[in-house]
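Below you'll find the structure, written out as structure tokens, and then a few comments.
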Amino acid sequence: MEKARKVKKKNAAVSLGYSFVIVWEGVEINGRDSVPTWMKWQSRLERAKAFSFDYVSFKPCLVRFGESQRETLLKDVEKTKERDIIDQIKGRLQEARDLAGDRVKILESSNLKAMLNQEADQIKRQPKGCHIQFFRTVVTPFGIFHCPAFRGVEAARIGEAEGYQSEAKFRETLLRTARSILTLTPRRNAKTWGAFTIGPTGG
């Protein structure tokens, strides 16, 4: 993170930030209970301030369905428990804003906003096409994928890990990206892919 501070010193106009995934008690992933992250947000925010980051984007933990690879919010959570979770998150966000002051922006992802406003069902109404994937490419050690929500999902792969390492491979990856944009229809594939998040703050 020290390198981020050096980047800001070189060019203060560059906007740097990172994501903080909110995990609450009771979230189960791959058959295991996840550790809640409530107690970590304050140290992450302090770190963002110390290393000259501009923002921290808060995002809710999404649970992936193994059979379809789609993701969802608040899987199998009762309404009373959902309300408690939302109230806790709102309280933590206000604490984060108070601590951040004017030095670090606190951003809420599209999914988080929908969750807090109990509008998750509305964002599942899919558009005819998904062009935002052109700007949301994710490079990982195991391949290049067209959307952060589907990194690791074979159907979302647009390139191998070395897909940008030569001009030929770069062109091939771009071709696959274009093909994905033209053929992927979120509305038609809503049950398969789940909710796409359209917005600058991500999932």
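The values are calculated or read from the model by the stated rules, or taken from the named source; none is laboratory data. Note that the coordinates shown come from a computational prediction; the quantities given were computed from them, not determined experimentally. Here Cβ is always computed from backbone atoms with ideal geometry, including for glycine, and neighbour counts include all displayed protein chains.
Numbers at a glance
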read-out: Some residue of the stretch 48-58 being in a loop (DSSP other than H, G, I, E, B), among the aliphatic types (A, V, I, L, M) and either within 20 Å of the chain's Cα centre (by Cα) or at pLDDT below 90 (or both); value: no
read-out: Selection count where residues are under 19 Å from Pro60 (Cα atoms) and either surrounded by fewer than 14 Cβ atoms within 10 Å (Cβ to Cβ) or touching a Phe, Trp or Tyr at 6+ places or on another chain (Cβ under 6 Å) (or both), scope the stretch 1-21; value: 2
read-out: Subset of the stretch 132-174 (residues that are closer than 23 Å to Cys61 by Cβ, small (Gly, Ala, Ser) and either in a loop (DSSP other than H, G, I, E, B) or in the same structural domain as Leu62 (by TED's automatic domain parsing) (or both)); value: Gly152
read-out: Pick from the stretch 114-166, criterion small (Gly, Ala, Ser) and modelled with pLDDT under 75, ranking: farthest from Asp87 (Cα to Cα); value: Gly129
read-out: Given (1) surrounded by 12 or more Cβ atoms within 10 Å (Cβ to Cβ); (2) at pLDDT 55 or above; (3) not in a helix (DSSP H, G or I), index of the condition Pro186 fails; value: (2)
read-out: Conditions (1) of a type in the set (Ser, Thr, Tyr); (2) modelled with pLDDT of 80 or more; (3) not in a helix (DSSP H, G or I); number of the one not met by Ser43; value: (3)
read-out: Ile86 being at pLDDT 85 or above, surrounded by 12 or more Cβ atoms within 10 Å (Cβ to Cβ) and in a helix (DSSP H, G or I); value: yes
read-out: Residue list for the stretch 154-173, restricted to those being of a type outside the set (Asp, Glu), within 27 Å of Ser110 (Cα to Cα) and surrounded by fewer than 18 Cβ atoms within 10 Å (Cβ to Cβ); value: Ala155
read-out: Subset of the stretch 17-40 [part of a loop (DSSP other than H, G, I, E, B) and either touching a residue at least 40 places away in the same chain (Cβ under 8 Å) or among the aromatic types (Phe, Trp, Tyr) (or both)]; value: Trp24, Gly26
